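First comes the structure, then the notes that go with it.
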Amino acid sequence: MRFFTGLHQPSDDRHFASAFISVNRLRARRNAFEVGDWIMDSGAFSEIANHGCYRNDVDEYAAQIRRWAGNGRLLAAVSQDYMCEPFMLRRTGLSVEDHQRLTIDRYDRLIAQDVGGVYVMPVLQGYSPEDYVRHLEMYGDRLASGQWVGVGSVCKRNGNPNQIARVLFAIKERRPDLRLHGFGVKTTALSNQVICSLLETADSMAWSFAARREGRNQNDWREAEKWSAVIQNRVAANRNQFQLFD
């Protein structure tokens, strides 16, 4: 599994081999920044949690993707999904299925735009394992064999890795070919061998929350560097553990 470190400031990306940064951090930025491999996040969580909708339309997001397409190696831009945690449903007043339909609608509209050749990552949404299977069916043939696909609405369930594992197993049982990305997967889940084996990639900003909780600087990239090193070691240990049984 490859890990992408979530960062507040684009200028800090130069310290990391794989970075994950929200488009919300890029809109007001005037200049390019030094970065290697990175993923652009759509800012979905903050948009839906704070506003109950996207304040910017798909064409504006596509323009941002085009703008940053040549900055470093932009591997993917995440589509504008709608999370399905209960508090998100309360925020919009809609159902899980409504959020799933809106997620696909945003994806369809985004891939119809000019995004400068950048890969647009579709996102599977739901809350129960059965929800994610239904969303797979709703996507239909949009998801090609071996496609890189995000799995949403798992970041608030890191305290119970079994819940995340059940979601990933359900997706893999129906579509074992898909390469899955876990959004906001924190330390407990990333220490789980099963979860690491089911994910191709993952991202997290858990380092920032930990630093704030413990009275340190939540914006210091050095905090991210130390935390990411721990995660990389755990992922490597999990990989080696599985290889023992191959």
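Entry note, the chain: relative contact order of 17 percent, from Cα contacts under 8 Å with a spacing of 6+ residues. When a 1.4 Å probe is rolled over the protein heavy atoms, the share of accessible surface on the chain that falls to carbon and sulfur comes to 47 percent. Sequentially through the range 189-196, phi angles give Karplus couplings (6.51, -1.76, 1.60; θ = phi - 60°) of 5, 6, 8, 8, 4, 5, 4, 4 Hz, Gly and Pro residues having no value and appearing as x. For ASP37 and ARG179, the difference between the fully extended length at 0.36 nm per residue and the C-alpha to C-alpha distance is 49.4 nm.
Model label sites at ASN50 and GLN113, defined 7 Å from Cα along the beta-carbon direction, differ in position by 1.9 nm.
Taking the alpha carbon gyration tensor of the range 1-122, multiplying each eigenvalue by 5 and rooting it gives semi-axes of 25, 16, 13 Å, largest first.
Running a GNM on the chain with Cα contacts under 10 Å, which residue among ALA17, ALA44, ALA28 ends up with the highest mean-square fluctuation? It is ALA28. Both radii are taken from the alpha-carbon atoms of the range 58-161; with Rh as the Kirkwood radius, Rg/Rh is 0.99.
In the range 190-237, the C-alpha radius of gyration followed by the widest Cα-Cα span (Dmax) gives 11.8, 34 angstrom. Per residue, the accessible area of the chain comes to 45 Å², computed with a 1.4 Å probe over protein heavy atoms only. Relative protection proxy for 82-92, 130-140, 185-195, from highest mean packing down: 185-195, 82-92, 130-140 (other beta-carbon atoms within 10 angstrom).
Partner lysines whose Cα lies under 23 Å from the Cα of LYS226, excluding those fewer than 8 positions away in the same chain, are identified as LYS156, LYS186. Using alpha-carbon pairs under 8 Å, 6+ residues apart, how would you state the relative contact order of the range 1-127 in percent? Over the range 1-127, the number comes to 23 percent.
The values are calculated or read from the model by the stated rules, or taken from the named source; none is laboratory data. As the structure is a prediction and not an experimental result, all values here were calculated from the model. Note: ideal-geometry Cβ built from the backbone for every residue, glycine included; neighbour counts use all protein chains shown. To get the accessible areas, we keep the full protein, side chains included, count just its heavy atoms, and leave off ligands, DNA and RNA. Shrake-Rupley method; radii C 1.70, N 1.55, O 1.52, S 1.80 Å.
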